[in-house]
Amino acid sequence: MPQDPFDWIDAQHERLRAAGLVRTLRPRSAGADLVDLAGNDYLGLTRHAEVVEGAAEAARRWGAGATGSRLVTGSTALHATLERELADFCGFEAALVFSSGYAANLAAVTALSGPVGSGTLLVSDEGNHASLIDGCRLARADKAVVPHADPEAVRKTLAAHGGRALAVTDSVFSVDGDAAPLAALAGVCREHGAALLVDDAHGLGVLGRGGRGALHAAGLAGARDVVATVTLSKSLGSQGGALLGPARVISHLVSTARTFIFDTGLAPAAAGAALASLAVLRREPGRAERVRAVATGLYERLTAAGLTAVRPDAAVVSVRAPSPEAAVRWAADCRERGLAVGCFRPPSVPDGVSRLRLTARADLSDEQLAGAAATIVATAPGV
Ligand SMILES: Cc1ncc(COP(=O)(O)O)c(C=O)c1O
């Protein structure tokens, strides 16, 4: 009898189970039965009436799906409008919309390090998001992983290489919510003629004037040597991703980025929702300030109560837990009291430190903020 070809999965599953690493899906309810400090709806826009109507109207007009890849039938006037609006809002020359931020990052890293044999070096921060890491893995280029948020390490790496290079970093790192030293990184890249790719997934809608993002805040939006990735799925409450940069870079991506060319275009409803969110954000720039104030308020309340947290540079607040087991229990205790929080533990965290990961929201009232902080403190391990 030949072996079942998937038998190996049982053995691997057993190893994951023994290490406490089996992941399970937990469908959430449609109602707001939990205060959500775990999702990425930073500005509280995903259920905003105008945003939902933007999605519905786009679906009614253009259909439920894009019908094809962007280069075949998947580009509509809505996609073009969204690209113009994103570029304009964030201060870049041009934009290109993808079906996800993940696909956008894969596109940027692979297409900007080509063609094969160009000798391009990818210089990647060790704390980068998985989608940038996967882009580096996919790219047929040399790679150097540098210590976290360390422009000097980037400088040394670029100097030793001496050729074409692309430095790659998150603007706000997903695990601890700390910001990259973008101005210093851009300076180092310029000294060596390297390009800089910044994933601003956690910066759009939160940082910069009226939420125009970390690159706008750093005076780098629209620079000839800088490309940004954004996601439509966090602050904009929709789904999808985009690359922003010089027009010639965007044209190059249209012709060469495989996750653009061989992927069905973004669903019209997602484009319509993102456009509606940008309109709300333009009209209500205070949402960006509010989400930052909520993050700082959470941090201050938690640290005043004796917890150890990283001072937030944007909307993510990372709170240290004593062990992986304690972190899981802590998050479960919060949930039981009506509060959803994220829980990060090894191997998802490179430094081995388990933490609760809280995401601030602009639509959280002061009372909800105080209640959430009180719940986290009351359920903290050892309290
Ligand atoms: C830093 C970062 N980059 C990229 C992504 C991927 O974006 P998307 O969810 O739109 O694929 C995420 C989150 O999911 C992220 O946190």
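General remarks:
- In the set (1) away from the ligand (no atom under 15 Å from the Cβ); (2) closer than 30 Å to residue 296 by Cβ; (3) in contact with a Leu (Cβ under 9 Å, 6 or more places away or on another chain), residue 169 fails one condition alone, (1).
- Filter result for residue 130 (away from the ligand (no atom under 11 Å from the Cβ) and either under 22 Å from residue 230 (Cα atoms) or touching a Lys or Arg at 6+ places or on another chain (Cβ under 9 Å) (or both)): no
- A Cβ distance below 7 Å, combined with a sequence gap of six or more or placement on separate chains, defines the contacts here; from segment 246-266, residues that are free of Cβ contacts under 8 Å to residues at least 40 places away in the same chain reach no residue that is part of a helix (DSSP H, G or I).
- No other residue among 161, 148 is surrounded by fewer than 23 Cβ atoms within 10 Å (Cβ to Cβ) and within 15 Å of the ligand (Cβ to nearest atom) apart from 148.
- Filtered by the rule that a residue be acidic (Asp, Glu) and surrounded by 23 or more Cβ atoms within 10 Å (Cβ to Cβ), segment 256-275 gives no residues.
- For the condition away from the ligand (no atom under 16 Å from the Cβ), assigned to a helix (DSSP H, G or I) and in contact (Cβ under 8 Å) with a residue 12 or more places away in the chain, residue 221 does not qualify.
- Test for residue 77: is it in the same structural domain as residue 277 (by TED's automatic domain parsing), small (Gly, Ala, Ser) and surrounded by fewer than 23 Cβ atoms within 10 Å (Cβ to Cβ): yes
- Cβ-Cβ contacts under 6 Å between residues 6 or more apart (or on different chains), taken from a first residue in segment 1-30 that is aliphatic (A, V, I, L, M) to a second residue that is not in a loop (DSSP other than H, G, I, E, B), are listed as 22/16.
- Out of 278, 243, 253, 236, one residue alone is within 16 Å of the ligand (Cβ to nearest atom), crowded, with 20+ Cβ neighbours inside 10 Å, part of a helix (DSSP H, G or I) and of a type in the set (A, V, I, L, M, F, W, C). It is 278.
- Residue 125 vs. criteria buried (at least 17 other Cβ atoms within 10 Å of the Cβ) and within 16 Å of the ligand (Cβ to nearest atom): yes
- Note on segment 182-216: among residues that are in a helix (DSSP H, G or I) and in contact with a Ser or Thr (Cβ under 9 Å, 6 or more places away or on another chain), the one that is nearest to residue 292 (Cα to Cα) is 211.
- Selection status of residue 69, surrounded by fewer than 24 Cβ atoms within 10 Å (Cβ to Cβ), more than 16 Å from the ligand (Cβ to nearest atom) and modelled with pLDDT under 95: no
- Residue tally, condition hydroxyl-bearing (Ser, Thr, Tyr) and more than 26 Å from the chain's Cα centre (by Cα), over segment 50-78: 2
- Any chance residue 149 is out of contact with any Cys (no Cβ under 8 Å at 6 or more places or on another chain) and part of a loop (DSSP other than H, G, I, E, B): yes
- Listed conditions (1) in contact with a strand residue (DSSP E or B) (Cβ under 9 Å, 6 or more places away or on another chain); (2) part of a helix (DSSP H, G or I); (3) over 15 Å from residue 44 (Cα atoms) are all met by residue 314, apart from (2).
- Boolean, residue 60 is farther than 14 Å from residue 230 by Cβ, among the basic types (Lys, Arg) and part of a helix (DSSP H, G or I): yes
The values are calculated or read from the model by the stated rules, or taken from the named source; none is laboratory data. Keep in mind the model is a prediction, meaning the values are calculated, not measured. Neighbour counts run over all protein chains shown; Cβ positions are idealised from the backbone, glycine included.
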